[in-house]
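Below is one structure, written out as structure tokens, with a few remarks after it.
The values are calculated or read from the model by the stated rules, or taken from the named source; none is laboratory data. Not measured: the values here are computed from a predicted model. Here the Cβ is made from the backbone with ideal geometry for all residues, glycine too, and neighbour counts use every protein chain on show. Side chains are part of the model used for accessible areas, which takes the heavy atoms of the whole protein and leaves out ligands, DNA and RNA. Shrake-Rupley method; radii C 1.70, N 1.55, O 1.52, S 1.80 Å.
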Amino acid sequence: HGAQESSTGELQPLPTSPGTDLQSLAPQDTSLFSMDASSPLIYDTPSRGTPARQRPDLGSVRKAPQVDLCSEPVSGKAAGVINLTECNLKLHFAITEALNRAFVCLQRFLQQFIDPTSREGENVSLDLNEPLYMQKLDEISVVGEPVLNVNCGHVQAFDADLYRQLICYPQEVIPTFDMAVNELFFDRFPDSILEHQIQVRPYSALKTRNMRSLNPEDIDQLITISGMVIRTSQLIPEMQEAFFRCQVCAFSTQVEVDRGRIAEPAVCRNCNTTHSMALVHNRSVFSDKQMIKLQESPEDMPAGQTPHTTVVYAHNDLVDKVQPGDRVNITGIYRAAPMRVNPRQSQVKSVYRTHFDAIHFRKTDERRLHGLDEENEQRLFTEERVATLRELAAKPDVYERLSSALAPSIYEHEDIKKGILLQLFGGTRKDFSQTGRGNFRAEINILLCGDPGTSKSQLLQYVFNLVPRGQYTSGKGSSAVGLTAYVTKDPETRQLVLQTGALVLSDNGICCIDEFDKMSDNTRSVLHEVMEQQTLSIAKAGIICQLNARTSILAAANPLPHTLLSRFDLIFLMLDPQDEAYDRRLAHHLVALYYQSEEQVEEEYLDMAVLKDYIAYARTCVSPRLSEEASQALIEAYVDMRKIGSGRGMVSAYPRQLESLIRLAEAHAKVRFSDKVETIDVEEAKRLHREALKQSATDPRTGFVDISILTTGMSATARKRKEEVAQALKKLIQLKGKTPALKYQQLFDDLRAQSEAAITKDMFDEALRALADEDYLTVTGKTVRLL
Amino acid sequence: MPSSEDWINNPLGVVDGIFAQSKLSPEWERKVLEYFKEKLKLNDAKSWVPSLNDVPLHYLKPNSLVKFRCMVQDMFDPEFFMGAYETVDPSTNSKELRCGKYKDVTDCGQVDFNSRNIVTSERQTFYCVPIPGESQWVKESYACSSQARVVPSTSYTPHRHKRSYEEDDDMDMPHQKESSSGPQNLPDPRRNVDSKRLETEAPCQNASSSHCSSNLDLNFPLPGERGPACLVKVYEEWDSFRLNDMLEVFGVLSVDPALSFIADDKEVSSLLDPTDTMETAEEQRAHSPPASLVPRLHVLYAQPLQHNNPLLPSAISEDKAFLSGFLSELNSVRGELLTYLTHVLLGDALAAEYLILHLISSVYARRDVLPLGKFTLNISGCPHNSSYTEQLCQIIQHLMPSSYRLCMSLHNMNNLPMVPRKDYTANRLVGGILQLASNTSLFLDETQLEQGQLDATGVRNITALGNLISWQKVDYDFSYHQMEFPCNINVLIASEGRSLLPCDSQVHLRPTVSPPNVEEYLKAIQLAQLPSHLNKYRVYLTVARLLDYSISEQVTKAVEEDFVEMRKDNPQSISAEDLHRMLVVARLLSLSYGQTTLSRDGWIKAKQLEMVRTSRTQQQECVNGNEP
């Protein structure tokens, strides 16, 4: 704390909680005593008639006593106050001088600051080589919205000392800032008519804080914190100016509300009647106020603790800017006020009530609509962290390292882990909407099929824990509604609320779906739109909307569900390979799991936190593009894939497979932190794709890879076989002559007896169904009737 | 007991003394902590401190040192408070520097808010409740071992009031001076316990009814629980505490009525402090409940508890003498316990063997998402129509320090709040049944489940139970998102057929005796057990769970060989999952014999045990036919 104070130069003598209403000090106005102390918010600015507007966000609810220079000292504290006054006089002059200097500095900042590297979306239309904030003033004169948002980072880049003052003494410096802006503005646009004077709203104070790290030193400082809005109060009208009228002579007077208290005039100044002044509510001036509860974002939380909350007050036009559920960055002044146990007692609780007075809101998820919030996410990493990550990326075996760090408790399945790794990185998002082709999916979807007990669930659980926006759901329990969105009625407000399901919640993340095969067809069909278009359309209870669901899907199923979706980029089969060497390695791995200590394990594998950061960094900062060679390699790969099947009249690749290859290659380039997709990336994508196909689409009867298994859920030979069985059955029935009805079991036994190949009950049923489709027969219960 | 126990009766005096000596140097805080740590280290000094668990609040002296055995149920936001402040005496105008630490309210005198000497400090509040599901014998045993003399002090304290919280229904009234403080008898600690009888009632009979006579919900995770809840103020290293930690805290008791949220006063105070009106009444009620009901405890020393077994020293791993003493008789105790449980399980020795393994299991590590060491047991084939499961659960309650029986009736599944949920209006975590401390025994009675429809809550509850068993974690509901809290709960499922929940191991009960009246049979068995025997079992079960364990290089090799060998004959016979389970069984079996390393013998025994169990399960499936 001491260090902070001593570094603030001229403002040094100021205590952390300056008890004075320094807003009342106008730099131009050297006659300190001519001010009306009861009206703290009047500055002398060349605003030519534009009214100043109170800034409750800077000066609301101050508990510290005012050093009142004009009125009589309060009894009981007389001696102390006189001393204070003398000392504070000197202080006042020192501060006034400091603020004067800051004023000049701020004007220079506004006139001169140029930010050629600006990447912010809101500055798109501005000329980057001209002073940024002068252009914004131009904008204000056109639009008429008297608010100037100032990035604190800019102030810091311009003058570090000024920035420090802004952060440490916002209550004094921001009004000075206001004055500086208004002077400039009305000099430039003397005829402008604004609703009120321009208010400066600084944001992104570099001291962006996690709620957990707030401490007493931050009180009365300008701080940016991030979190999630969990509750907003009703609008609270807060009286700013009370209007009194004498009931005898109708003389009226206004009284400013000072820190929540109204000094009710006891005597009418006009007719001298005592206690005749009555408050007239509808002529008093109120300002809007709202209480907002902010909760720590789940990502910032240490494990095993509950999230902290903070109270934020929003004033005037910031009221109703945020809704529960929004993720926001709030810039404001952190306040603490002591609590009195009882107004009639001198005893106070030794606890302070803390809150933020919001000056600026910035929704973090709003920007996600336009893409990822790069600026914000990048800041999560310190330079050292980025250096470590880059160092790791430069290692030739980074791909292998990362994939082996994934779910180390699960044995082998290296290709599957590699596939999931690529899924975690994702492809590059491409936007062709201008040419009318819409967005191309960048997310990679993976399906794991396998025998029960091959740790599929464990793998899913691991991925779910690794990614920040992961959702875990089981096909068994989830309905289409639970996956997409549903409408509920809020019990309190009777308002219809759209509740989003797992798929929407995992936007930009991974949705893990266990027991995919147990999902009803109806539910699964919902996934079609999500997996290809990455959006979700909802028409429910009069609410029609399209939500983003740019989610990767990692599904697990027991062997071969009826219709496999071709929308999966990779389908892996997790089987139990049964050979001795494998068994030995597996046993060793499992036993090791039980006797190794935690430290040993950590040494062996990459830390989960590093892996998380690595993925997050690559996802936000690397967006590789195809190089010329890579494109060629992809074309060749695709042509080769098509060729394989063509000899046997089978299609072995569709354009979808090409897209998958591109995505996988891009993801692999991301693993290397490379901005270019190169041939090696394509090679790995090809290899992985082929491995996955080999596992899942090999026709068990012919040994060939048959892509139609993926598209129809059945290989070409199996389809042929099904027809053969149906024909054999038909022949059998025809041989039986004119019997209108047959016993089901009898028929099955006959067919089995006659056929050379083994006929299962499933095959028999399928054949019956095929014949029923031809309108040849119907099956009712245990009898088969001919038509 | 030395007579001048100022540090117990007047800890704040000690603190103020050290503070005054320090002359504002920050050293004093450390000195205070060291002072109390030293004091508590002395021979059984801890037992001299009265405990909130077994002494009714109104017998305790305000601002004295008390202890509390509890679980962290919720963590509130950090508070800023005046660590040091200056008061002005209006008559003499003299200023005095005072210490604000370990206090809720400033001392008399006008506080000078402009003083440069005000030090703002930070502390964190935890909402603590008695350990959920703590067995009666644990409470009684702790209460008996307490040597605290709870002397209703002759020195008159104006804020004390003498009704216990149960009868206290007019606590909203500001407490006036109680002039009728006549001489009181020395309360016997045992009688205290009786007077407030902390019993856990079976929830299936009485699931939804609240036992609080007051309208204030004390937010106990389990229905039907009683006991003091407490707002524990932590001053040091609060980041090291986790939700659901078991703690023993020593701190200054603060019951100042000024702390209570008083609805009537709200109007008045709001004029003074407009921020007051912003908090909802629910929030104030949750965060500043009447101090007579939820006292404040300012922590001077806090100790995380490894276990809550009163028969063992609290730091068991450090007490080598106790450990080696017990290890010598461990095997005989095991034998007796096995016989006892065999009788209880109607003569089924195998099931008894597995029940022991289950009772000493504990999650000892996690590999990424995989919890190691958990051993969920499903005892199937339980008689359906008798009260057998209920009695079985009671027997387990008599053995384990904390446990809870959850009847999986359709009504309970559809209605009971299982997963803790954040109530944003009151800004607190509303407890659910699955908010339990480590090593609590959760007895799921599936025999109570009937046919019918589960609604959305029911499905969520079943999923939560499944997650608890598979991953040993509970996803708390924070409305906008879920948050995962790892746990360590021993789940035992009693069912007729195979349980619908996933479990690590299933034993089908095969009774060898069929008593005509199961109830009386079990009662007779229980009566036959001497209390000293029961105590031995209790010590045994806790000790076996806390032992260290390792596998030597040699045995590792043997196990690997064995696995390969078994797979060679028949790959279907053993999967990776089976090996996982066998390794856990081998671990638990060794520990149950007090062996801290796996021997070849131990491995073979474990294998045989598993073989007998699986063959029995297979036979059972053959009998039933239709079970998969």
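Values as computed for the structure displayed
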{"read-out": "Geometric extent, Cα atoms of the stretch B:35-74 - Rg, Dmax (angstrom)", "value": "11.6, 33"}
{"read-out": "Translational D in µm²/s for the stretch A:125-244 (Stokes-Einstein at 4 °C, 1.567 mPa s, Kirkwood Rh from C-alpha pairs)", "value": "77 µm²/s"}
{"read-out": "For the stretch B:548-628, alpha-carbon Rg relative to the globular expectation (2.2 N^0.38 Å, N residues)", "value": "1.21"}
{"read-out": "Shielding by other protein chains, B:418-427, mean Cβ within 10 Å", "value": "2"}
{"read-out": "Summed buried accessible area for B+A [probe radius 1.4 Å, Å², rounded to 100]", "value": "7600 Å²"}
{"read-out": "Label-point separation, A:Asp640 to B:Asn570 (7 Å along Cα→Cβ), nm", "value": "4.5 nm"}
{"read-out": "Cut-off under 5 Å, modelled amide H: who pairs with B:Ala302 long-range", "value": "B:Phe250"}
{"read-out": "Where the Cα pairs of the stretch B:316-539 fall when distances are cut into 5 Å bins, in %", "value": "1, 6, 13, 17, 18, 15, 12, 9, 5, 3, 1, 0"}
{"read-out": "Scaled radius of gyration (Cα, divided by 2.2 N^0.38 Å) that the stretch B:338-406 gives", "value": "1.25"}
{"read-out": "Pair B:Ser141, A:Lys612: separation of 7 Å Cα→Cβ label points (nm)", "value": "4.0 nm"}
{"read-out": "Partner chain coverage, peptide B:559-570 - average Cβ within 10 angstrom", "value": "4"}
{"read-out": "Amide H contacts of B:Val430 (H built 1.01 Å from N, under 5 Å, at least 5 apart or other chain)", "value": "B:Arg421, B:Lys422, B:Asp423"}
{"read-out": "Average other protein chain Cβ within 10 Å of Cβ, residues B:62-75", "value": "1"}
{"read-out": "³J(HN,Hα) computed for each position of the stretch A:397-412 - Karplus, 6.51 cos²θ - 1.76 cosθ + 1.60, integer Hz, glycine/proline x", "value": "9, 4, 4, 5, 4, 5, 5, 7, 6, 7, 6, x, 6, 9, 7, 6"}
{"read-out": "Inter-label distance, nm, simple model (7 Å from Cα along the C-beta direction), A:Ile544/B:Ser324", "value": "8.3 nm"}
{"read-out": "For the stretch B:515-579, average projected area of the Cα convex hull in nm²", "value": "8.8 nm²"}
{"read-out": "Under-5 Å amide H pairs with A:Ile230, H placed in peptide plane, nonlocal only", "value": "A:Lys293, A:Leu294, A:Gln295, A:Gly325"}
{"read-out": "Prolate/oblate/rounded call for the stretch B:360-486, Cα gyration tensor, a/c under 1.5 rounded", "value": "oblate"}
